[in-house]
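The values are calculated or read from the model by the stated rules, or taken from the named source; none is laboratory data. Owing to the predicted nature of the structure, the values given are computational and were not obtained by experimental measurement. Here the Cβ positions follow ideal geometry from the backbone for every residue, glycine too, while neighbour counts run over all protein chains shown.
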Amino acid sequence: MIPRIDSHQHFWKFDAAQYGWIGADQHVLRRDFLPTDLETELAAVGIGGTIAVQAQQNIEETRWLLALADQHPFLQAVVGWAPLIDVNVAATLEQLAAHPKLRAIRHILHDEADDYYMLREDFNRGVAELKRFNLAYDILIFERHLPQTIEFVDRHPNQVFIVDHLAKPRVREGVVSPWRENMRELARRSNVYCKVSGLATEADHTGWSEQQLLSYLDIVLELFGPKRILFGSDWPVCLLAIGYSKWAEIVAKFAGQLTEEERKRIWSASVREAYQLK
């Protein structure tokens with residue numbers, strides 16, 4: 001069986017004040033989600049490792065995720081958070097990167113009031129420090145942010161970037177353009193990877209179809225190719241719209257059109273390459 005790694009999942013001890021982005025109506029998410037909860041899901045679909053991704057904008061959570069990674073061998077890496085606009089961020093990154101499982105940094109860009117936050121000079125100074133510590137950067141945006149994201153990426157041609165959730169296209173409305181055109185332009189940069197994750201949550205949570213989701217995956221395959229596509233579940237957020245096993249099943253169907261070597265890229269090899277997993 002081809003080795004499988006989930007490039008995108010979260011953990012939290014739920015607290016309504018700390019996780020304000022989890023709405024009062026999102027009952028399925030309003031509880032703790034910890035490694036023991038995920039292990040059952042992984043075993044059901046033959047996934048041997050995961051990457052835990054930040055869900056809060058604080059260093060304490062990053063340190064907590066790294067501590068979980070120490071305790072649970074299946075946690076192969078952490079995408080943490082650091083104050084990239086801080087003048088002293090290099091010292092913070094040096095301290096965090098001393099842990100071998102910190103492999104990337106992420107900032108929740110799409111929640112910033114300023115749609116051009118990624119072009120701030122102080123933010124870009126922080127991103128410019130990542131390469132020194134062999135850290136990738138995860139890009140979390142909505143599709144409307146793609147034009148400025150292309151400009152942002154071009155400021156850092158030697159930095160590895162991973163786009164989360166296909167840049168959140170408007171699946172619910174069935175809109176493809178200009179997402180497709182902007183993603184095509186972004187994909188021209190060989191230092192940019194794309195996660196096939198978080199797609200069902202951008203659709204109608206109770207009314208999506210497999211074909212609808214597969215149509216967006218096919219576009220990403222055309223643009224990035226299997227060598228720069230990473231499987232990710234976005235568990236437990238995905239539970240708003242789809243179960244873990246069902247999403248893995250859809251991605252397996254999508255990958256079924258590919259050669260074995262190409263399937264290996266999507267399920268694990270691209271993940272290992274993008275995050276420099278040991």
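Hey, any hits in the range 114-127 for a residue that's within 18 Å of C194 (Cα to Cα), in contact (Cβ under 8 Å) with a residue 40 or more places away in the chain and either touching a Lys or Arg at 6+ places or on another chain (Cβ under 9 Å) or outside any helix (DSSP H, G or I) (or both)?
no
Residues I162, I150, I108, I139: which one is surrounded by fewer than 18 Cβ atoms within 10 Å (Cβ to Cβ), within 16 Å of the chain's Cα centre (by Cα) and either over 23 Å from A90 (Cα atoms) or of a type outside the set (D, E) (or both)? Write out each step before concluding.
Numbers: I162 fails: surrounded by fewer than 18 Cβ atoms within 10 Å (Cβ to Cβ); I150 fails: within 16 Å of the chain's Cα centre (by Cα); I139 fails: surrounded by fewer than 18 Cβ atoms within 10 Å (Cβ to Cβ).
Of I162, I150, I108, I139, the one residue that is surrounded by fewer than 18 Cβ atoms within 10 Å (Cβ to Cβ), within 16 Å of the chain's Cα centre (by Cα) and either over 23 Å from A90 (Cα atoms) or of a type outside the set (D, E) (or both) is I108.
Being assigned to a loop (DSSP other than H, G, I, E, B) and within 21 Å of R272 (Cα to Cα) is the filter here; which residues of the range 95-110 pass it? Let's see the steps before the verdict.
Quick first cut of the range 95-110, residues assigned to a loop (DSSP other than H, G, I, E, B) only: 98-101, 108.
Residues satisfying the conditions are A98, H99, P100, K101.
Can you name the number of the only condition in (1) touching a Phe, Trp or Tyr at 6+ places or on another chain (Cβ under 8 Å); (2) at positive phi; (3) not charged (D, E, K, R) that I22 fails?
(2)
I'm told L277 meets every condition in (1) outside any helix (DSSP H, G or I); (2) touching a Pro at 6+ places or on another chain (Cβ under 7 Å) except one. Can you identify the failing condition by its number?
Going through the list (1) outside any helix (DSSP H, G or I); (2) touching a Pro at 6+ places or on another chain (Cβ under 7 Å), L277 breaks only (2).
Being under 17 Å from the mean Cα position of the chain (by Cα), at pLDDT 95 or above, under 25 Å from V78 (Cα atoms) and assigned to a helix (DSSP H, G or I) is true for just one of L239, L230. Which residue is that?
On the way: L230 fails: assigned to a helix (DSSP H, G or I).
Of L239, L230, the one residue that is under 17 Å from the mean Cα position of the chain (by Cα), at pLDDT 95 or above, under 25 Å from V78 (Cα atoms) and assigned to a helix (DSSP H, G or I) is L239.
Residue check: is W64 among the aromatic types (F, W, Y), crowded, with 20+ Cβ neighbours inside 10 Å and either at pLDDT 95 or above or more than 21 Å from G20 (Cβ to Cβ) (or both)? Show your work before the answer.
Values: among the aromatic types (F, W, Y): yes; crowded, with 20+ Cβ neighbours inside 10 Å: no; either at pLDDT 95 or above or more than 21 Å from G20 (Cβ to Cβ) (or both): yes.
In short, no.
Condition test on S190, is it buried (at least 18 other Cβ atoms within 10 Å of the Cβ), of a type in the set (S, T, Y), assigned to a loop (DSSP other than H, G, I, E, B) and on the phi < 0 side of the Ramachandran plot? Write out each step before concluding.
Working: buried (at least 18 other Cβ atoms within 10 Å of the Cβ): no; of a type in the set (S, T, Y): yes; assigned to a loop (DSSP other than H, G, I, E, B): yes; on the phi < 0 side of the Ramachandran plot: yes.
No; evaluated as a whole, the condition is false for this residue.
For V251, all conditions in the list (1) under 30 Å from I22 (Cα atoms); (2) free of Cβ contacts under 8 Å to residues at least 60 places away in the same chain; (3) assigned to a loop (DSSP other than H, G, I, E, B) hold save one; what is the number of the exception?
Condition not satisfied by V251: (3).
Inspect all residues belonging to the range 86-94 and state whether any of them is touching an Asp or Glu at 6+ places or on another chain (Cβ under 8 Å), in a strand (DSSP E or B) and buried (at least 22 other Cβ atoms within 10 Å of the Cβ).
No, the range 86-94 has no match at all.
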